[in-house]
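See below for the structure under consideration.
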Amino acid sequence: MKDTEQNAQRLLNGSVRRSYDSAVDIDWDAPLEEGKYFLPPHLSTLYETPLWHELTPAQRVELSRHELANLLSVGHWFENVLNQALLRMIFEADPTARHTHYALTEIGDECRHMLMFGRLMEKIGAPYFRQPKAQLAITRKLPGRLRGLNLWVGALIGEEIFDVWQRRIMDDPGMQPAVRRMMRIHVVEEARHIQWAREGVARRMRYASWWEKESLGRMVGFGGQFFNDQLMHRRLYARAGLDPDEAYRQAAANPHFRQVKQEGFDKLRRFFDEQGIFRGKARERWRQAGFIA
Ligand SMILES: [Fe+2]
Ligand SMILES: [Fe+2]
């Protein structure tokens, strides 16, 4: 069996051993717990800012509710894009190949995740965030462009940074139990996706053309700012009842949150360095966006 087939078989075995269905694996009927956070304070974009210190505990919890809805909204469109790209990838593939079987398994995981994100937003009573029009113009075209290296690197940017944060959320006893449970389910299933995408990057880097590596390596530089724009924006703060301009200004300048971003990106940044992903100004752009010290 080829390496790709062996890797896919291993991931398929893992999927059979450990997969979840949020319809039965999350207790949707349990009421929310008064005073518990929806995201840990130390992961808030405003944590430790002057504005944060002016907020009452109830306002901080309210901010965390909208920050969670924001992350879930991003996760929802991102996994949709990824699934479209994966379906295209296997359109002409051999239906008996393990690689095809694992792609379909991952697509199934992501379908259940999107459903879980939507149910959780409903449960916490926070409306989802629509993508702004300018962003939609880009994300609508993404599925057609995520091929080869673009697909694997794109998947890792969407999955591995959140993964670091999700692991911190699932272990935090101050969090709403439904949120912790959701994070645990997501972490388990995403671990396989991340492994697959990392293997995809390593394999593709061995035979990609100079042009494929160069164009991806430069494009990837814009990922940091794009990612940052997902995490902090004025609509988010307005919903939480804060002055949107002032909150955005403080979040953008917040050294604590910069640290959170660097912790989130550190493992993936090391992998990208090992693989020689960054080209041109790409690394510098991620530093400017706050993800590299
Ligand atoms: Fe997912
Ligand atoms: Fe995933």
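The values are calculated or read from the model by the stated rules, or taken from the named source; none is laboratory data. For clarity, every value in this text was computed on a predicted model and none was experimentally measured. Methodologically, a virtual Cβ is constructed for each residue, glycine included, from the backbone with ideal geometry; neighbour enumeration extends over all protein chains shown. For the accessible areas, the whole protein counts, side chains as well, though only heavy atoms, and no ligand, DNA or RNA atoms are used. Shrake-Rupley method; radii C 1.70, N 1.55, O 1.52, S 1.80 Å.
Things to note:
- From the list Leu51, Leu39, the one residue that fits, being assigned to a helix (DSSP H, G or I) and within 30 Å of Leu136 (Cβ to Cβ), is Leu51.
- Qualifying position, being surrounded by fewer than 19 Cβ atoms within 10 Å (Cβ to Cβ) and assigned to a helix (DSSP H, G or I), among Leu12, Leu63, Leu71: Leu12
- Residue check, Arg181 within 16 Å of ligand 1 (Cβ to nearest atom), more than 16 Å from the chain's Cα centre (by Cα) and touching a residue at least 60 places away in the same chain (Cβ under 8 Å): yes
- Selection status of Gly125, on the phi > 0 side of the Ramachandran plot and either in contact (Cβ under 8 Å) with a residue 60 or more places away in the chain or within 16 Å of ligand 2 (Cβ to nearest atom) (or both): yes
- The stretch 58-98: number of residues that are over 22 Å from Trp165 (Cα atoms), more than 16 Å from ligand 1 (Cβ to nearest atom) and free of Cβ contacts under 8 Å to residues at least 60 places away in the same chain: 9
- Pairs are defined by a Cβ separation below 9 Å, a sequence spacing of at least 6 or placement on different chains, a first member in the stretch 138-155 that is within 12 Å of Ile194 (Cα to Cα), and a second member that is of a type in the set (Asp, Glu) and modelled with pLDDT of 95 or more; the pairs so defined are Trp152/Glu199.
- Considering the stretch 102-138, and only residues there that are open to solvent by 30 Å² or more (accessible area, probe 1.4 Å) and in a loop (DSSP other than H, G, I, E, B), the residue that is farthest from Met219 (Cα to Cα) turns out to be Gly125.
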